[in-house]
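Structure first, then comments.
Derivation of every value follows stated rules applied to the coordinates shown; laboratory data play no part. Computed from a predicted structure; not experimentally measured. Quick reminder, even Gly has a Cβ in these numbers, built from the backbone with ideal geometry, and neighbours come from all protein chains shown.
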């Protein structure tokens with residue numbers, strides 16, 4: 001009896017330990033992706049924080065190619081030619097107040113964030129591992145790409161994070177998230193990608209490069225896993 005009890009406790013502890021580890025991957029465009037932008041002044045203007053804002057995913061200059069299982073991040077662009085966003089660096093803008101156009105330098109640093117957010121406590125209190133593959137990174141020194149996991153307080157007043165630069169090849173990063181103080185007021189866990197650099201006029205992005213990430217078609221993956229699980233159960237029977 002003692003041996004059975006000891007084995008039961010050991011199995012429960014092992015199951016609990018296994019449940020504390022959660023691995024997530026990079027889904028395709030049909031996943032609940034969110035976009036967020038933080039805007040800063042240029043370093044020569046002090047680099048101060050200007051504003052945060054929710055941002056449409058197409059406006060983050062991210063393109064999904066589900067057929068080829070990849071997505072591409074390019075430098076951030078703004079179609080507003082106002083001097084808030086662009087400088088008259090060529091000296092040829094007909095309207096100095098609205099100088100934006102081909103060849104004009106951006107006037108802000110934009111931190112674009114594309115991420116999945118889980119706000120139901122299912123990832124809280126676990127060690128979350130985010131895995132995937134960077135297919136390529138041709139960004140110049142003007143822009144940087146990052147991969148992150150963030151664990152926010154329920155009101156977004158504070159957060160813990162792990163963040164690494166985009167480097168071609170497989171990646172894996174982990175973060176031990178906090179358990180919620182109040183289960184009815186869940187923490188928010190985010191994982192995704194960040195692109196940082198000066199805004200670039202839409203026709204000028206190509207020379208600045210991009211980075212590409214491999215995606216996984218989640219529904220197909222889940223179907224295959226489900227099929228495998230059923231087959232395994234049949235074999236065990």
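Ranking of 105, 187, 150 by neighbouring Cβ atoms within 10 Å, starting from the fewest: 105, 150, 187. Please work out, to two decimal places, the log10 of the ratio I(q)/I(0) at q = 0.13, 0.19, 0.21, 0.27 Å⁻¹ from a Debye calculation in which every Cα of the range 86-168 carries one identical scatterer. Values returned for q = 0.13, 0.19, 0.21, 0.27 Å⁻¹ are -0.67, -0.94, -1.04, -1.37.
Taking 7 Å steps out from each Cα toward its Cβ at residue 20 and residue 119 produces label points 2.8 nm apart. Residue order for 131, 198, fewest other beta carbons within 10 angstrom first, comes to 131, 198. Fully extending the segment from residue 97 to residue 44 would add 17.1 nm, taking 0.36 nm per residue of separation and subtracting the current Cα-Cα distance.
Here 208, 73, 159 are placed in order of increasing Cβ neighbour count within 10 Å, fewest first, which gives 159, 208, 73.
By its C-alpha gyration tensor, with a ≥ b ≥ c as the square roots of the eigenvalues, how is the range 122-165 shaped: rounded for a/c under 1.5, else prolate for a/b larger than b/c, else oblate? Judged from the Cα gyration tensor, the range 122-165 comes out oblate (a/c at least 1.5, b/c at or above a/b). Applying 1/(1 + (r/R0)^6) with r as the Cβ-Cβ distance of residue 178 and residue 69 and R0 = 41 angstrom yields a FRET efficiency of 0.80.
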